[in-house]
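> Next up is a structure, given as C-alpha cells.
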Amino acid sequence: MTSDSPRDPGRAPATGRSRRVATWLAAAYGVAVVLVGFWGSPVDAAAGPTLDRVIAIAHRHGAPDGFGYGTVESLSNVVFFVPLGLLVVLVAGARWWWAGAAAGLVVSVGIETGQALFLPARTASVADVLANGLGAVLGAVLGVLALAWAAHRRRH
C-alpha cells in the first residue's frame with residue numbers, strides 16, 4: 001500500500017472539528033487524570049467491599065482463580081488511559097499515533113513518580129506504567145481507525 005492510497009491510515013488527518021472537540025475533551029480529561037493520579041489515597045478505596053463482592057460473584061460463575069483485585073486494577077488502568085492516546089491522535093492526526101502512545105508513558109511515569117515521592121498512601125508501580133501505556137496505545141489505534149473511517153466517509 002502506498003502513502004497515496006486512500007486506505008492508508010496515515011492519510012487520515014485530523015480535521016478542524018476533531019481538533020476542537022478533542023482539545024476540549026483533552027482539557028477535561030487532563031483534570032481527571034491529575035485528580036485521580038494525585039489523590040491522597042487510592043481512589044478505589046471506598047469501592048473495595050463492593051469490588052470484593054463482584055469478584056466473588058465472578059468466581060462463582062467461572063472466573064479463574066487468578067482473577068482478582070490486581071486484574072481489575074490493571075484493566076482499569078488500561079481503560080483509563082485509552083482516552084489519552086485517542087485524544088492525542090484526534091488532535092494531531094493519524095501520523096502522530098506514536099505520540100499518543102508516548103504521551104501515555106510520559107504521563108504515567110510522571111504520575112507514578114509523583115506518587116512515589118509525595119504520596120505515601122499511594123503505591124507507585126512499573127506495572128501501572130505498562131498498563132497505562134497499553135491503554136494509550138489502544139487509544140491511539142482507535143484514533144487512527146476513527147480518523148480513517150471519517151476520511152473514508154468524507155470521500156464518499
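The numbers here are math on the coordinates, done by the rules we state, and not lab data. Computed from a predicted model, the values in this text were never measured in an experiment. A quick note on method: Cβ atoms are made from the backbone with ideal geometry, for glycine too, and the neighbour counts reach across all protein chains shown.
> Give me Rg/Rg_expected for the chain, where Rg uses Cα atoms only and Rg_expected = 2.2 N^0.38 Å with N residues.
Normalised by 2.2 N^0.38 Å, the Cα Rg of the chain equals 1.22.
> Using packing as a proxy for protection, rank 85-94, 48-57, 32-41, 144-153 so that the peptide with the highest average count of other Cβ atoms within 10 Å comes first.
85-94, 144-153, 32-41, 48-57
> Once phi is turned into ³J(HN,Hα) by the Karplus curve 6.51 cos²θ - 1.76 cosθ + 1.60 with θ = phi - 60°, what whole-Hz value does each residue of segment 140-154 show in order, with x for glycine and proline?
Once rounded to whole Hz, the list reads 5, 4, 4, x, 4, 5, 5, 5, 5, 4, 5, 5, 4, 5, 5.
> Then there is this: Which Cα, out of Leu134, Trp149, Val89, lies furthest along the positive dipole direction of segment 22-156 (beta carbon charges, K/R +1, D/E -1)?
My answer, from the dipole projection, is Trp149.
> Same structure again: State the three equivalent ellipsoid semi-axes of segment 88-140, derived from the C-alpha gyration tensor as the square roots of 5 times its eigenvalues, in descending order and whole Å.
25, 10, 6
> If you place +1 on the Cβ of every Lys and Arg and -1 on the Cβ of every Asp and Glu, how big does the dipole about the Cα centre of the chain come out, in debye to the nearest 20? If you can, show how the numbers build up before the last one.
On the way: 12 positive and 8 negative charges, 187 e Å.
Computed about the Cα centre, the dipole is about 900 debye.
> OK, next. Dipole of segment 10-69 (Lys/Arg Cβ +1, Asp/Glu Cβ -1, origin at the Cα centre): which of Pro42, Ala22, Val54 lies farthest to the positive side?
Of the options given, the answer is Ala22.
> Let me ask something else about it. Could you calculate the contour length gain from Leu51 to Ser76, that is, 0.36 nm times the residue separation minus the distance between their Cα atoms, to one decimal place in nm?
Result for the pair: 7.8 nm of gain on full extension.
> Also: Does segment 14-68 classify as rounded, prolate or oblate by the C-alpha gyration tensor (a ≥ b ≥ c root eigenvalues; a/c under 1.5 gives rounded; else a/b over b/c gives prolate, otherwise oblate)?
Oblate is the answer for segment 14-68, as a/c is 1.5 or above yet b/c matches or exceeds a/b.
> Let me ask something else about it. In debye, nearest 20, what is the charge dipole magnitude of segment 73-156 about its Cα centre with +1 on Lys and Arg Cβ and -1 on Asp and Glu Cβ, if you could check?
Roughly 540 debye for segment 73-156.
> Under the Karplus relation 6.51 cos²θ - 1.76 cosθ + 1.60, θ = phi - 60°, what is the ordered set of whole-Hz ³J(HN,Hα) values for segment 107-112, x standing for Gly and Pro?
Each residue's phi maps through the Karplus curve to give 5, 5, 4, x, 5, 5 Hz.
> With each run of n ≥ 4 DSSP H residues scored as -39500 (n - 2.57), what mean residue ellipticity at 222 nm is computed for the chain after dividing by its residue count and rounding to the nearest 500 deg cm²/dmol?
Mean residue ellipticity at 222 nm (helix-derived): -25000 deg cm²/dmol.
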